[in-house]
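Every number here is computed from the coordinates shown, using simple stated rules; none is lab data. Nothing here was measured: the structure is a model prediction, and the numbers come from that model. Cβ: placed from backbone, ideal geometry, glycine included. Neighbour counts: every protein chain shown.
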Amino acid sequence: MPYLYLKALHIIFVVTWFAGLFYIVRLFIYFAEAAEKPEPERSILQSQFRIMQKRLWYGITWPSAILTLIFGTSIVVTLGLYDQFPGWLVWKLAFVVCLYLYHFLCHSIFKQQQNGIIRYTSTQLRIWNEVATVFLIAIVFLVVLKSALSMVWGIVGLLLFSAMLMLAIRIYKRAREAKQSR
C-alpha cells in the first residue's frame, strides 16, 4: 500500500515539474522578446517577467524536481529494485538524468535573465522549449510500454515527432515574420 501512495505523489510532482519546465521557457521567450520593445515598455515587461520567473522557478519547479526525485527513489527502495533494474527502467533513468541536465541548463538561462543577460533568441528558446516535450514522450512511453521493442518504436516516433516540431517552429517563425513586415 505505501507503494501506491509513493507512486501517486511521484506522478503528481512529475506533472508539476513538467508544468514548471514548460512555462519557465515560455517566460524566457517573453523576456527575450521584451528586449526588442522600446522603453519604458521593455523595462516594465522584463521586470514583471523576472518576478514571474522567480516565483515559478523557486516556488514550483525546483521543489517539484526535488520531490520527484525523492518519491521516485522511494519507489525504487520500496520495491527493492536498487540491485536489479529492469531494462526499461535503466532507459527511463537515463532519460531522467538527461531531464535533470535540461533542468540545470534552464537554471543557467534563468540566472542569466535574472541578471538582464539574453544569450538566446526567441526562436532558439522556442526550440529549447520542445526539448522537455521530447523527454516527456520518451519517459511516458518507456514507463507505460516497458518493452525494448516498444521503446525502439517509441524512439522512432519521438524522432519523427521532433522533426515535425522543428518544421512547425520554422513555419510559425516565417508566419510571424511575414505578419510583422506588413
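The distance linking the range 118-182 with the range 37-71 is 22 Å (Cα centroid to Cα centroid, whole angstrom).
What FRET efficiency comes out for the pair L167/C98, r = Cβ-Cβ distance, R0 = 30 Å, nearest 0.05? Rounded to the nearest 0.05, the efficiency is 0.80. Modelled spin labels at Q180 and E41, positioned 7 Å past Cα toward Cβ, are 1.2 nm from each other. Rounded to whole numbers, the Karplus 3J(HN,Hα) couplings from phi for the range 50-63 are 4, 4, 4, 4, 4, 5, 5, 5, 8, x, 10, 5, 4, x Hz, using 6.51 cos²θ - 1.76 cosθ + 1.60 with θ = phi - 60°, and x at Gly and Pro.
The count of lysine pairs in the chain whose Cα atoms are under 24 Å apart, excluding pairs fewer than 8 places apart on the same chain, comes to 8. Mind giving me the FRET efficiency for T121 and A8? R0 is 45 Å, r the Cβ-Cβ distance, nearest 0.05 is fine. About 0.65, to the nearest 0.05. Taking the average, over residues, of other Cβ atoms within 10 Å as the packing measure, peptides 84-93, 163-172 rank 84-93, 163-172 from highest down.
Normalising the average separation of contacting C-alpha pairs (under 8 angstrom, six or more residues apart) by the number of residues puts the relative contact order of the chain at 29 percent.
What residue among A168, Y5, C98 has its Cα farthest toward the positive end of the dipole of the range 2-181, where the charges are +1 on Lys, Arg and -1 on Asp, Glu, each on the Cβ? My answer, from the dipole projection, is A168. Here the extension length gained between R55 and Y82 equals 6.2 nm, from 0.36 nm per residue of separation less the Cα-Cα distance.
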